[in-house]
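The values are calculated or read from the model by the stated rules, or taken from the named source; none is laboratory data. Given the structure is predicted, the values throughout are model-derived calculations rather than measurements. For neighbour counting, all protein chains shown are included, and Cβ atoms are generated from backbone atoms with ideal geometry for every residue, glycine included. Remember, those area values only see protein heavy atoms, side chains included, never the ligands or the DNA or RNA. Shrake-Rupley method; radii C 1.70, N 1.55, O 1.52, S 1.80 Å.
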Amino acid sequence: MMLTNTQVHITNRYPHQTQAIVAYRDSACTGWMVRGWFVIDSGDTRHVANTDRDYILFFAESNGDDTVWDGSVITVNVPNKRFGTCDTYLQQALPGTRPLGLRMRNFSPGLETFTISLVP
């Protein structure tokens, strides 16, 4: 069932700058569209995706300490620079990439916006 398009944001409520990646279902991919890195200063909010689903995957890490928001829904090998590609291209560990596990957030169908809060 297709839902209305939801804008997904990430708010950084952590005391340090963070960076995040997101994954969402996209018709251009047979699996997940994965995009990153979104750098988010403490107290700021970034628009990171639009999706017609009622869930999104994400990974975030602090740039000031070792705090991470990770999961095990999917693991992708991501570069350390900005990127956006289908997860099928991120299955293989290549030089300059590192494996990261993403967590899922579900939200109510039909929302105009959904915000993930990164909290300590």
Point to revise | Label-reachable residues, the stretch 86-120, where backbone N falls under 18 Å from a point 7 Å from T4's Cα toward its Cβ | key: 107-115
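Could you do me a favour and compute the accessible area per residue for the chain, 1.4 Å probe, result in Å²? Intermediate values should be presented prior to the final figure.
Details: 6310 Å² over 120 residues.
For the chain, the per-residue accessible area is 53 Å².
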Study note, to complete from the structure: The computed P(r) of the stretch 73-120 puts the percent of Cα pairs beyond 13 Å at 68
**Study point:** Karplus-derived 3J(HN,Hα), 6.51/-1.76/1.60, for each residue of the stretch 9-16, Hz, glycine and proline x
**Key:** 10, 10, 9, 8, 9, 8, x, 10
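Under a point-charge model restricted to the Cβ atoms of Lys and Arg (+1) and Asp and Glu (-1), what is the dipole moment magnitude of the chain relative to its Cα centre, in debye to the nearest 20?
Working: 10 positive and 11 negative charges, 37 e Å.
Magnitude of the dipole: close to 180 debye.
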Revision key, fill the gap. Cα gyration tensor of the chain diagonalised, 5x eigenvalues square-rooted, in angstrom largest first, produces semi-axes 21, 20, 11
Check your understanding: If you roll a 1.4 Å probe over the stretch 47-120 with all protein chains in place, what percent of the accessible area is carbon or sulfur?
Key -> 48
Review point. For the pair E112 and R98, how long in nm is the line joining their label points, each one 7 Å along Cα→Cβ?
Key: 3.8
**Study point:** Rg over Rh [alpha-carbon atoms, Kirkwood Rh] for the stretch 10-51
**Key:** 1.08
